[in-house]
Amino acid sequence: MPPNIVVLTGAGISAESGLGTFRDRQGEGIWAKFDPMKLATLEAFARDPELVLAFYDLRRRNLLGAEPNAAHFALAQLKGALAERGGRLTLVTRNIDDLHERAGSKRVIHMHGELLKARCSACEAVRPWRDDLGVSDVCPHCGRVGTLRPQVVWFGETPLELDVIDWALRQADLFVAIGTSGAVYPAAGFVAEACAYGLRTCEINLEAADNAQLFDEQRLGAASKTIPNWVEELVGP
Ligand code: BJW
């Protein structure tokens, strides 16, 4: 029986594409330089929208200059290869970048939203957005001024598509977490959910995550090497 796999990716998979991680043991992640409570909460946005929008403008510009790496391409290949064999890959990411899509993955579950989209706080319309976002921009849907925000999930907000992720975990045989520190919930709790549903679990990471002891298997190394190797083991070259 071909496997049914749920993969969760975090900032580590995009690190070699030049997008920073949030936390690392060397203290060089984004949240070591910037206070998340001043940049990634609804309260911070209400207090100082220019500051929050400038932070996301900078990250959007970085993203537009970045390219997917071998790990993103390998997961896109895995998705296709499993589908051909009657298996399934559900690809869930906590990342707000679009590097999985640019590597060829379709139907990626972005549980923390997408940087290249904006949402209107008034009418809730979500639109593609590649430019800087300003406090006087007009919502293309309802025409209101100053209501647009990045379509990302901040601390204290509810992540997206949790019901779809739970359904996928209940159907799967294997849960794999790639390049994520296990520090932020509810995603950090997926491995415990997977164990409760009887799945095998595997962590693929540069350094062991905070919740590493919950995984059946661990592979340590840079994603651009470990992921293509793992995919080749599963479906061949
Ligand atoms: C490599 C590599 C290479 C490096 N190859 N690997 C107390 C106070 C307030 C809140 C809470 C609290 N206690 C709990 C909470 C809840 C809170 C939370 O978990 N806080 C913790 C900090 C304690 N969570 C929330 O608020 C969430 N919402 C919520 O809980 O709603 C309630 C609810 C729950 C369930 C059902 C219904 C309702 C929302 C969380 C939103 C997180 N938002 C961010 C920002 C998104 C937008 C943006 O990007 O700006 O999401 S924070 C940031 O962290 C981002 C990430 O998705 C998230 C996780 O980071 P990730 O991906 O794990 O990255 P890192 O940097 O932590 O780790 C990188 C890893 O890569 C490391 O392991 C490296 O080893 C590895 N690596 N190079 C392979 N080359």
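Things worth noting here:
- 1.4 Å probe accessible area per residue over the chain, in Å²: 48
- Expressed as a whole percent, the accessible area of the chain that falls on carbon and sulfur atoms is 53 (1.4 Å probe).
- Amide H contacts under 5 Å for A125: C120, restricted to partners 5 or more places along the chain or on a different chain, H placed in the peptide plane at 1.01 Å from N.
- Where Rh is the Kirkwood radius over Cα pairs, Rg/Rh for the range 110-169: 1.05
- In this structure the amide hydrogen of T90, modeled in the peptide plane, comes within under 5 Å of the amide hydrogens of I5, V6, V7, none closer than 5 places in sequence on its chain.
- With Cα atoms defining each centre, the range 209-225 and the range 166-187 are spaced 12 Å apart in the structure.
- Once exposed loop GluC sites (Glu not before Pro) are cut out (DSSP; at most 14 other Cβ, 10 Å), longest piece of the chain: 29-123
- Two-decimal Rg/Rh across the range 58-215, once Rg and the Kirkwood Rh are taken from alpha-carbon atoms: 1.00
- Residues in the range 209-216 carry Karplus couplings, in order, of 6, 4, 9, 4, 5, 7, 8, 6 Hz; the curve used is 6.51 cos²θ - 1.76 cosθ + 1.60 with θ = phi - 60°, and Gly or Pro positions show x.
- With at most 14 neighbouring Cβ atoms within 10 Å, loop trypsin sites (Lys or Arg not before Pro) (DSSP) excluded, longest segment of the chain: 145-237
- For the chain, cysteines whose Cβ has no other cysteine Cβ within reach (under 4.7 Å): C195, C202
- Taking Lys and Arg as +1 and Asp and Glu as -1, the other residues whose beta-carbon sits under 14 Å from that of G236 total -2.
The values are calculated or read from the model by the stated rules, or taken from the named source; none is laboratory data. Being a predicted model, the structure only gives us computed values, none of them experimental. Glycine also receives a Cβ, built like all others from the backbone with ideal geometry; neighbour counts cover every protein chain displayed. Just so you know, the surface numbers come from the protein's heavy atoms only, side chains and all, with ligands and any DNA or RNA stripped out. Shrake-Rupley method; radii C 1.70, N 1.55, O 1.52, S 1.80 Å.
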